[in-house]
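The values are calculated or read from the model by the stated rules, or taken from the named source; none is laboratory data. From a predicted model like this one, the values you see are computed outputs, not experimental measurements. Here the Cβ is made from the backbone with ideal geometry for all residues, glycine too, and neighbour counts use every protein chain on show. We work out accessible area using only protein heavy atoms, side chains counted, and drop any ligands, DNA or RNA first. Shrake-Rupley method; radii C 1.70, N 1.55, O 1.52, S 1.80 Å.
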Amino acid sequence: MTLRGNIFIFVSGVFLCLFDGVLSGFLTETLSLNGKWSLSNSNGSLSLPAEVPGCVHSALQKQGFIQDPYFRFNDVSYRWIAFDNWTYTTTFNVSKQKVLLVFDGVDTVATIWLNGVIVGNTDNMFCRYVFRDTLKDGDNVLKVSLSSPVLYASEQREAHSAYRIPPECPPDVQKGECHVNFIRKEQSSFSWDWGPSFPTMGLWKGVQLEAFDVLQLVQVSSVPLYNSSLSEWRVQVEILVDAVQTTNGQITLSIPELDSEQTFHTQFLFGKNKNTFVLHINMVLDTSLLQVYFRTVELVQEPIVRSPGLSFYFRINGKPIFLKGSNWIPAHSFQDQISPAVLRNLLQSAVDANMNTLRVWGGGVYEQDLFYSICDELGIMIWQDFMFACAMYPTVDDFIQTVREEVSQQVQRLKSHPSIIIWSGNNENEAALATDWFNIPASQRPVYIKDYVMLYVNNIRKIVQDVIVRFFVSSPTNGAESEQEGWVAANPYDTHYGDTHFYSYILDCWDWRTFPRTRFASEYGFQSWPSFSTLQPVSIKEDWSYNSNFTSHRQHHEDGNRQMLLQAALHFNLPNSTDPLKRFTDTLYITQVMQAQCVKTQTEFYRRSQTEIIEGEGHTMGALYWQLNDIWQAPSWSSIEFGGKWKMLHYFAQNFFADVLPVGFEDADTLFILCCLRPESRPDAQGCGMFLPVTVYSWTHLDPVCTLKSDPLLVPGGSAVAIFKQPVAALLAGCGHCTRLTCLLTFHLEDSSGQQGPANHHFLCSPKDAQGLQRANITVLPIFQTSLPNKGRSRETLGHFRPLHSAFIPTETKGMKCAKTCTILIKDHMMNWPILTLLHTSQSATSLISFAI
Ligand code: BMA
């Protein structure tokens, strides 16, 4: 398995093994209780088979009791489900009597009954529950009685009478349920500004019986540790063991490929115990050459020359790394419906768009093991939030206890994954307190700050630090500065410290001056609608207009539909077809064009701010836009639609996250082009000589009006350096009869071996004002490999169009399927604008499609 670049890399076959002789002592018999259970509601009027792992909604849908919950307004129609109580029942036959009954995940509030006797209760979706009980020979009946999460949350709130824990309810536009902060459950399951309210109930992970005679191996985790003064690696291995009696044993840790092995004699004490062993690595590892699990991570917060405040960046294996990527939300309201293929497709899409990082956002779930394994394998770095978002939380004893258990378990489960580089305490809760989202009277503020510190600092941080993982308390935060200010900074959005979240839908997104020049942009974004082919299966004809009830029902962000059009109208003519369906699909499309161009401008601004310090601001070292994926078919900030189809933004991301990228912008009527290089793309410290051909086109023709070439410039890896500077007026005056309205620019970087990175463009006016732009008539044809010299790489095939890189092909075209043996050719019959040269190469054309824009 190889992780890209030299950030952290594996060699396949390198693993820690516990030798057989020792393993035999751990032999555990496992009987899975997964599969068909029966399910009924509280008054017995509904009774049906249900799959475990699974949830009530999925079972009801599968058995035909309800329609697709995502169809039209069904989220509201099926609200009743989460107000009822539901019981899962199974019967099993065993001969062993001393067993552990293990629930890997219960959603959420339940009483567990075995043969008519209560064996335990659950109240936290993120915990694994283990009950020790005596079974009887023969048939045993296991019941899990789930209480309504909505009513439970409301009861908890009632019981908390001393002071309120805001917010009480989500905004009306979200059509959600209240008091989700009182229940340890996926916070977005009560609705979010991109998602429906489906407060799920069920056994969302596996259930099994485990029997053992002497010892049970509960969990193994390993963390590589680097001692920089000795240049030595060690691996700390933690083994969680449950022993029936105190037992002597030996543990051998071995990594044959690294010539490292050590045997430890130990005593396993009665009960559950953590045993820690440290294996010294005998080989000297050069992490830039060897592909191994070993990697170091540092979060660097240190003074910057000419700038107040502190830096905020990640040094991986000793190298500063610009984190490029996005934010991950739950891929479905019903976790049991997220298949391995769905996960892999989304994560591969992140890699295909040249991302190196995803933030698992704090309002969802700690993802399943497979998610992190795929990230390990693909080289995606993970910023992992703890699951607290946009709210205050109670700190009563029971709540703190369940959170402590959750945090210990999750960190233990996930800490071996090299992909996770940082943990963060919550999403936006420092900002919510600091900037008073919930109108908390000044006199009561200390109470909330005390609760905040108690939960995230005194409890979560303490647990996390004990197990050696990197952590900061909130996002956005001022990091070390927030700590100085008592963990809640006066302004957690301060550009001189930590990370920032920034959203503005009203300001012109083509104007880079509106963006904060932050140290690290961990959230920013714009909404768009998914394409018609994604909406069609969950809607009917009367829904297909921008002003329909359906269109406003699916929009969960206040005023979102209007904001998209206002932003689009700044630079594009809004659709005005007299055909209502065409007008609707054109409108969906223009929102995607707007979103792609907005996020492009903002991301390029962050990438070019990597090296600069301007008026004390800069050294930006991360750009994670909001958000990668969708939970259902609705407008959102995502770049990938529910179902996996790429929005236009995702195609744009493939370019704006490229390792080598030229970025153009204007300042005081002067055009600057910067060359952004990631260190991995140019490992040589000296950098490399880069040229920048700039081509000027008129909107009317495919042939260039003129081409300018910059002098070669030595560009070091890991920097953003100005490579071209010219007043626009002078540039145009030297180039035919070009004006701002008739011409535009494209440019790319070249070194002695040819073009490096994608071509980019710079518009000199809004497309709505462009003179000469004509309606294109484009056909997409499947062409078989045998008929073309190149091997199915659509970028090459479209080389003819590459210079004319800047326009916007409807994503309907991009969603086509393509076998490996075929490639796609776009023909512009009128040889006119707009043409975009990007097609997703893993997708394909199964039929001939024509369209015009
Ligand atoms: C951010 C996120 C989410 C939200 C998004 C868009 O602040 O943390 O809570 O969905 O904004 O509003």
Summing +1 per Lys or Arg and -1 per Asp or Glu among the other residues with Cβ less than 11 Å from Ala59's Cβ gives 0
Please find the FRET efficiency linking Asp466 to Ala162, where r is the Cβ-Cβ separation and R0 is fixed at 30 Å, and quote it to the nearest 0.05. 0.45
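Expressed as a whole percentage, what fraction of the accessible surface of region 320-656 belongs to carbon and sulfur atoms when a 1.4 Å probe is rolled over the protein heavy atoms?
52 percent
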Does region 660-769 come out rounded, prolate or oblate, given a ≥ b ≥ c as the square roots of the eigenvalues of its C-alpha gyration tensor, rounded meaning a/c under 1.5 and, failing that, prolate meaning a/b above b/c? prolate
Subtracting the Cα-Cα distance of Phe131 and Asp213 from 0.36 nm times their residue separation yields 27.8 nm
For Asn227 paired with Leu741, estimate the spin-label separation in nm (one decimal), with each label point 7 Å from Cα along the Cα-to-Cβ line. 7.3 nm
What distance in nm separates the simple spin-label points at Gln401 and Leu269, each placed 7 Å from Cα in the Cβ direction? 2.2 nm
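Going down the list Lys415/Lys647; Lys98/Lys143; Lys62/Lys205; Lys319/Lys709, which pairs span over 28 Å between their C-alpha atoms?
Lys415/Lys647; Lys319/Lys709
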For region 158-276, the percent of accessible surface on carbon and sulfur atoms (probe 1.4 angstrom, ligands and nucleic acids excluded) is 47 percent
At Gln245 and Lys98, where each label point lies 7 Å from the Cα along Cα→Cβ, what is the point-to-point distance in nanometres? 0.9 nm
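Give the calculated FRET efficiency between Gln444 and Ala722 to the nearest 0.05, with a Förster radius of 51 Å applied to their Cβ-Cβ distance.
0.50
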Once Val457 and Asn549 are pulled to full extension, the length gained, defined as 0.36 nm per residue separation minus their Cα-Cα distance, is 28.6 nm
Among the aspartates and glutamates, which fall within straight-line cross-link reach of Lys175, defined as a Cα-Cα distance under 14 Å, with same-chain neighbours fewer than 8 residues apart omitted? Asp75, Asp193, Glu558
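So, R0 is 51 Å and r is the distance between the beta-carbons of Asn282 and Glu612; what FRET efficiency does that work out to, to 0.05?
Working from the Cβ atoms, E equals 0.70.
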Potential lengthening between Lys175 and Asp711 on full extension [0.36 nm per residue; Cα-Cα distance subtracted]: 187.1 nm
Give the accessible surface of region 320-656 per residue, rounded to a whole number of Å², with probe radius 1.4 Å and ligands, DNA and RNA excluded. 29 Å²
